[in-house]
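I have placed the structure first, in the form of structure tokens, so that the comments after it can refer back to it.
Each value in this text was obtained by applying a stated rule to the coordinates, not by laboratory testing. Values in this document were obtained by computation on a predicted structure and should not be read as measured data. Note that each Cβ is placed from the backbone with ideal geometry, even for glycine, and that neighbours are counted across all protein chains shown.
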Amino acid sequence: MQDQEKHWSEDRPLQRQFTLQANENVRKLLRLLELEPVKSIRNLHPAYCSLLIKFDALRMQHEELEAILREYLERLEEVKLPEQRRVEIPVCYGGEFGPDLAEVCVMRGLTEAQAVELHASVEYLVYFLGFVPGFAYLGELPNELVTPRLAAPRKRVPAGSVGIAGNQTGVYPFATPGGWRLIGRTPLKMFRAGRDGLSLVSIGDHVRFTPIPHEQFAALESA
């Protein structure tokens with residue numbers, strides 16, 4: 001394959017990064033490494049177009065791992081990805097749940113109804129999970145909604161908040177600091193320790209947001 005680069009991490013000598021051009025190739029390489037694990041590999045961290053691989057350099061030399069990875073990369077075309085799930089996430093937009101929606105509308109020349117319709121009109125791909133457990137990076141937003149993140153992040157974003165930043169959207173699974181513009185909130189738990197799979201969504205899933213009123217939000221939250 002011609003769309004690969006390798007990078008050795010300078011601050012963490014036991015890290016190995018293999019860069020790919022397409023997220024699908026990232027998911028295929030991740031899948032292959034899960035099905036046929038390499039003993040020295042400790043953790044796999046997928047991103048939009050790269051896979052960060054942490055491995056034990058005392059058990060395997062860099063060159064050995066690189067040779068194995070090159071063999072795996074030659075086999076990507078034969079890798080079958082798991083069937084993509086479609087997950088629907090109910091969202092109550094605007095008001096106290098979406099304090100930045102009005103400003104986004106001013107910036108983009110939209111009414112709130114138009115912004116909500118646009119955000120809910122797309123089936124988003126889960127590119128990867130990161131930042132905190134259960135936080136899925138979803139894309140891409142309709143061009144009409146592409147908006148820069150906040151100049152200064154909030155010290156606390158409530159759990160379930162739906163945010164946008166650039167051409168991305170996502171849901172905060174926990175109350176954390178965050179700089180994405182908040183346009184709504186879901187009553188669903190995006191991450192739950194007792195749930196099989198822990199996270200509501202997984203890499204490669206497709207997500208749709210469904211607008212709901214406050215009354216339905218309260219009912220789902222208490223269910």
Inset, instruction - Compute from the Cα atoms of the chain the Rg and the Dmax, the latter being the longest Cα-Cα distance, and quote both in angstrom. - result: 19.5, 59
Legend entry - FRET E, pair residue 88, residue 118, Förster distance 22 Å, beta-carbon r, rounded to 0.05: 0.80
Inset, instruction - Could you check the simple spin-label distance between residue 75 and residue 111, using points 7 Å along Cα→Cβ, in nm with one decimal? - result: 5.6
Legend entry - Spin-label pair residue 175/residue 196, simplified geometry with 7 Å Cα→Cβ offset, distance in nm: 3.2
Legend entry - Built amide H within the under 5 Å cut-off of residue 191, gap 5+: 200
Legend entry - Whole-Å distance, taken between Cα centres, linking the stretch 78-157 and the stretch 25-45: 28
Legend entry - HN-Hα J in Hz across the stretch 100-111 - Karplus 6.51, -1.76, 1.60, θ = phi - 60°, x for Gly and Pro: 9, 4, 4, 5, 4, 5, 5, 5, 9, x, 10, 7
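Sort 205, 56 by Cβ crowding within 10 Å, fewest neighbours at the top. Working shown, then result.
Values: 205 18, 56 12.
Lowest count first: 56, 205.
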Inset, instruction - Quote the charge dipole size of the stretch 86-222 about the Cα centre in Debye, to the nearest 20; the model charges only the Cβ of Lys and Arg (+1) and of Asp and Glu (-1). - result: 500
Inset, instruction - Using the charge dipole of the chain (Lys, Arg: +1 at Cβ; Asp, Glu: -1 at Cβ; taken about the Cα centre), state which of 145, 91, 199 has its Cα farthest towards the positive end. - result: 199
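Based solely on its DSSP helices, what 222 nm [θ] is calculated for the chain when runs of n ≥ 4 H residues each add -39,500 (n - 2.57) and the sum is averaged over all residues, nearest 500 deg cm²/dmol? Don't skip to the end; give the middle numbers.
Numbers: 5 runs with 51 residues, N = 223.
About -7000 deg cm²/dmol.
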Legend entry - Proximal lysine pairs, the chain, alpha carbons under 22 Å, eight or more residues apart or interchain: 8
Inset, instruction - Springs between alpha-carbon atoms under 10 Å, Gaussian network over the chain: tell me which of 104, 38, 201 tops the mean-square fluctuations. - result: 38
